[in-house]
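All remarks here apply to the structure that follows.
The values are calculated or read from the model by the stated rules, or taken from the named source; none is laboratory data. It should be emphasised that the depicted structure is a prediction, and the values quoted were computed from it without experimental measurement. So basically every Cβ, Gly included, is an ideal-geometry build from the backbone, and we count neighbours across all protein chains shown. The protein model used for the area step is the full one, side chains on, heavy atoms only, and it has no ligands, DNA or RNA in it. Shrake-Rupley method; radii C 1.70, N 1.55, O 1.52, S 1.80 Å.
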Amino acid sequence: MNARFHIALAALAALAANGSFAQDPPARPLAPAASPAVAPATAAPDGAEVAAPAAPKRPARRALPPEAFTTPTNYVLVVNHKGALDSAWLGEHCAFMQKQLQAAVKMDDADGEIGTDPRAFVQAVRARHGGNAKIVIVVSKEPGLAPVLASPYEYWSVMDAAWVEKAGGDAAVRNDRMGKRIYQALGHCVGAGYRIEREAVMRYTPEPEGMDDCLSHGFHPLNSQNFDIVRRGIGLDGIRLRPRQELVEMGILQPLPAKAPTNTEKTEGL
């Protein structure tokens with residue numbers, strides 16, 4: 001063997017010893033974990049570290065006022081029949097429903113007898129509201145009511161608040177169940193069926209205690225889709241953010257800065 005061959009063998013042996021013929025490629029070094037954008041600490045004259053000032057925080061967005069959103073003339077109406085529920089609590093719950101449904105939700109008081117056929121009672125309520133109450137939910141403690149009686153194609157329901165309260169519990173528990181039951185009454189009168197997920201308020205709850213297993217206080221996304229289909233079908237307007245130009249004209253938003261003109265001329269020969 002000549003000298004060149006011996007030199008080549010020695011080079012191959014050195015490569016093998018260094019692991020360069022391993023089948024797996026060498027692992028790439030892990031990138032250092034991302035750290036917050038904070039300037040490094042500075043050192044004081046005596047050698048003690050002094051923390052650098054924190055990076056300035058991004059200013060929080062200003063909440064838009066209510067008038068920045070459309071105000072529908074029609075709405076979901078929750079009727080507090082003969083003071084069945086505390087008006088202050090029910091008003092807060094209607095405001096919660098309005099945010100979740102993105103449709104106007106109002107409350108009203110009513111007297112009179114509901115009777116075995118609530119249609120006359122519901123028609124009288126709607127007449128008092130000039131036909132703007134597209135969906136009517138009556139909450140009552142009148143004796144003889146069914147736990148929930150709903151008409152999906154007439155878009156009303158009557159629920160027995162006494163049925164919810166029969167399971168007892170403190171005020172917080174009763175209010176929690178009552179709010180979920182109002183949502184169930186709404187769901188039944190728009191044809192939103194039962195869900196099996198614990199996150200859904202539209203669960204099968206044959207007893208009031210069953211509502212404690214409903215983790216959500218509002219509609220499951222699929223129930224929300226059902227509500228939205230019915231809402232559009234019956235002409236119940238949704239609450240929407242007004243167009244930007246309208247918000248500028250109202251003084252709620254500032255106009256966008258004008259863009260600098262761009263030079264579109266082409267230089268000959270380029």
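Just a yes or no: is a residue in region 219-242 crowded, with 21+ Cβ neighbours inside 10 Å, in contact (Cβ under 8 Å) with a residue 60 or more places away in the chain, in a loop (DSSP other than H, G, I, E, B) and not aliphatic (A, V, I, L, M)?
There is at least one residue in region 219-242 that is crowded, with 21+ Cβ neighbours inside 10 Å, in contact (Cβ under 8 Å) with a residue 60 or more places away in the chain, in a loop (DSSP other than H, G, I, E, B) and not aliphatic (A, V, I, L, M).
Please find, within region 147-164, the residue that is nearest to ILE182 (Cα to Cα) out of those that are in a strand (DSSP E or B) and aliphatic (A, V, I, L, M).
MET159
Taking into account only those residues within region 51-87 that are open to solvent by 70 Å² or more (accessible area, probe 1.4 Å) and small (Gly, Ala, Ser), which is modelled with the highest pLDDT?
So, considering only residues that are open to solvent by 70 Å² or more (accessible area, probe 1.4 Å) and small (Gly, Ala, Ser), the one modelled with the highest pLDDT is ALA63.
For region 112-122, does any single residue satisfy the condition of being of a type in the set (Gly, Ala, Ser) and touching a residue at least 24 places away in the same chain (Cβ under 8 Å)?
no
Among the residues that make up region 171-193, is at least one of them open to solvent by 70 Å² or more (accessible area, probe 1.4 Å), part of a loop (DSSP other than H, G, I, E, B), modelled with pLDDT under 95 and not β-branched (Val, Ile, Thr)?
no
Only one of these conditions is not met by VAL164: (1) under 19 Å from HIS93 (Cα atoms); (2) open to solvent by 40 Å² or more (accessible area, probe 1.4 Å); (3) of a type in the set (Val, Ile, Thr). Which number is it?
(2)
Does region 194-210 include one or more residues that are part of a loop (DSSP other than H, G, I, E, B), aromatic (Phe, Trp, Tyr), modelled with pLDDT of 90 or more and within 21 Å of LYS99 (Cβ to Cβ)?
Checking region 194-210: not a single residue is part of a loop (DSSP other than H, G, I, E, B), aromatic (Phe, Trp, Tyr), modelled with pLDDT of 90 or more and within 21 Å of LYS99 (Cβ to Cβ).
Can you tell me which of ILE114, ILE135 is open to solvent by less than 40 Å² (accessible area, probe 1.4 Å), part of a loop (DSSP other than H, G, I, E, B) and touching a helix residue (DSSP H, G or I) at 6+ places or on another chain (Cβ under 9 Å)?
Only one candidate passes the filter, namely ILE114.
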